[in-house]
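A short worksheet on the structure shown next.
What follows draws every value from the coordinates through simple rules; no lab data is involved. Nothing here was measured: the structure is a model prediction, and the numbers come from that model. Positions of Cβ are backbone-derived with ideal geometry, glycine not excepted, and every protein chain shown enters the neighbour counts.
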2 protein chains.
Amino acid sequence: MAMKLLLISNSTNAGDSYLNHPREQIADFLGREIRKVLFFPYAAVTFSYDDYLKKVQERFAELGYQVDSIHNFNLPKKAVKQSDAIVVGGGNTWMLAKKIHELDLVDVLREKVLTGTPYIGWSAGANMACPTIMTTNDMPVADPRGFHAFHFVPFQINPHYLDANPEGHAGETRQQRIEEYITVNPDRYVVGLREGTMLLVNNNRVELIGKRPARIFRFGKDPIETEPGSDLNFVME
Amino acid sequence: MAMKLLLISNSTNAGDSYLNHPREQIADFLGREIRKVLFFPYAAVTFSYDDYLKKVQERFAELGYQVDSIHNFNLPKKAVKQSDAIVVGGGNTWMLAKKIHELDLVDVLREKVLTGTPYIGWSAGANMACPTIMTTNDMPVADPRGFHAFHFVPFQINPHYLDANPEGHAGETRQQRIEEYITVNPDRYVVGLREGTMLLVNNNRVELIGKRPARIFRFGKDPIETEPGSDLNFVME
């Protein structure tokens, strides 16, 4: 079976309701055979895993899916192995990676998803699909003991990609930060995924969905703006 | 001798020239007895250490100080021990920490500064004066093998502190990021240091210099806005 990923920049657009913008794509992606998904709430920091689960359950119930959370299983590896689909929510990428490393879930999840179990991630959950968490925007509030992530795809995603700083602010722009990343890591593509957009990955095919282009970075090349619908497969090389 | 630190939010205000805003404070801080400082260029990523040194030399020469750079010494520990003042420049905090950890300079620098050698840091260099680099805004482009920093002071600085996101952007605000930090690290103060401001630390006395207040965070308390000149010594507790 082919790898299937839906990697979403952000849960919520400014002024919109929670998980509203990607709801049709989530339903299309999971289809009608899957009835239940396994949710990872570990990116939550200032609210509880239970509260996070409830919020996601409400939205997924509207789409016809039941949601169990990994934090309610005594045997998380078994829960992953028995799941029909994996859903990893946003929040703080460092806390998410820390917990996944502590539970030793990288290998089992990688095996599961590479052999065809659908994976949905938004924000930190999209970042975790990459080789490392090195293109996160989050504050490193805890040491995850290693920057490695699920490595389903060979490129990095920068979620919530943003073009400009607020006026009068002189800190690095997002583009400057990513230029630092590719300088230190010249063999990786970085996909700057603007809010309201997502990547649909079907084995080696990558499609950009949404109303805004993605900005793609690679060391030694000018950044590329790719429109929704255009060929993005080269980032899988 | 007392510990003396000048911890500056940013090198350059929007529209201003390099290191212009803190130039008087740098001259006051170093005084007339010190003639030479030891510079750390290791936060540079997209430009060379030599270029960084040259840029800093030009500004410090105007103030009457000679600048040597640690990257030009075969024996960096010896260079630190023999220095009259330490200057750590901004850039990428992760690369700075990585290099300092690789060279095993944390302990020797800590000893040197705690016994009275003046320390100036801006941006990443201010962050390194804290217990950890966990309140950096930078992209984690490399694994520094540990998040520990010089720990001259017991509180964390968030440099380039910023109040709002650009309009229409739904990613976490800086305040939300720091709230995540204090949730995970409830025993630390975080000083959100806005651009154009700095902290002057004289042993246990902390003074805010600049034209804007600092925003101070602690778990379980509302954030505090402290004006330049007001008592900030409580963050040393």
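Miscellaneous remarks
- Binned Cα-Cα distances of the range A:1-62, short to long, each 5 Å bin given as a whole percent: 3, 14, 23, 29, 20, 8, 2, 1
- Debye-formula intensities of the protein assembly as shown, expressed as log10 I(q)/I(0) at q = 0.10, 0.11, 0.12 Å⁻¹, are -0.75, -0.88, -1.02 (one equal scatterer per alpha-carbon, no solvent).
- Based on Cα atoms of the range B:112-237, Rg over Rh with Rh as the Kirkwood radius reads 0.95.
- Packing around the peptides B:52-59, B:222-229, taken as the average count of other Cβ atoms within 10 Å per residue, puts them in this order, highest first: B:52-59, B:222-229.
- Per-copy distances of the A:Lys78 label point, shortest first, in nm (7 angstrom along Cα→Cβ): 6.2
- Residue by residue along B:175-184, Cβ atoms of other protein chains within 10 Å of the local Cβ number 5 on average.
- Among A:Ile216, B:Gln66, A:Asn74 - extreme Cα towards positive end, dipole of the protein assembly as shown, charges at beta-carbon: A:Asn74
- Chain A residue nearest by beta-carbon to the axis mapping A to B, with distance in Å: A:Pro166, 3.
- Exam field: A:Arg23 pseudo-label spacings to other copies (7 Å along Cα-Cβ), nanometres: 5.8
- Charge dipole magnitude, Cβ of K and R +1, D and E -1 - chain A, Cα centre, debye nearest 20: 580
- Summing Cβ point charges (Lys, Arg +1; Asp, Glu -1) relative to the Cα centre of the protein assembly as shown gives a dipole of roughly 800 debye.
- Least to most buried among B:Glu24, B:Glu172 (fewest other Cβ within 10 Å first): B:Glu24, B:Glu172
- Peptides B:181-188, B:34-41 ranked from most to least packed give B:34-41, B:181-188, packing being the mean of other C-beta atoms within 10 angstrom over each peptide's residues.
- Options B:Leu96, B:Met134, B:Pro118, ranked by Cα towards positive dipole end of the range B:83-174, top entry (Cβ charges): B:Pro118
- Spatial extent of the range A:58-121: Rg and Dmax, with the Cα atoms as the point set, Å: 12.1, 33
- Coordinate range along principal axes, alpha carbons of chain A, Å, largest first: 46, 37, 36
- Rounded if a/c under 1.5, otherwise prolate or oblate - the range B:164-226, Cα gyration tensor axes: oblate
- B:Ser230 label point (Cα plus 7 Å toward Cβ) to equivalent points in the other copies: 5.1 nm, shortest first.
- For the residue pairs B:Lys54/B:Lys81; B:Lys4/B:Lys98; A:Lys36/A:Lys78; B:Lys36/B:Lys112; A:Lys4/A:Lys81, the C-alpha atoms sit more than 20 angstrom apart in B:Lys54/B:Lys81; B:Lys4/B:Lys98.
- When shorter helices are ignored and each DSSP H run of at least 4 residues is given -39500 (n - 2.57), the per-residue value for chain B at 222 nm works out to -7500 deg cm²/dmol.
- Number of partner chain Cβ atoms within 10 Å, mean per residue of B:161-170: 5
- Relative exposure of A:Arg145, A:Arg110, judged by other C-beta atoms within 10 Å (fewest first): A:Arg145, A:Arg110
- Candidates B:Thr173, B:Thr46, B:Thr117, ranked by Gaussian network fluctuation over chain B, Cα under 10 Å, top entry: B:Thr46
- Overall Cα dimensions of the range A:1-133 - principal axes, largest extent first, Å: 37, 35, 27
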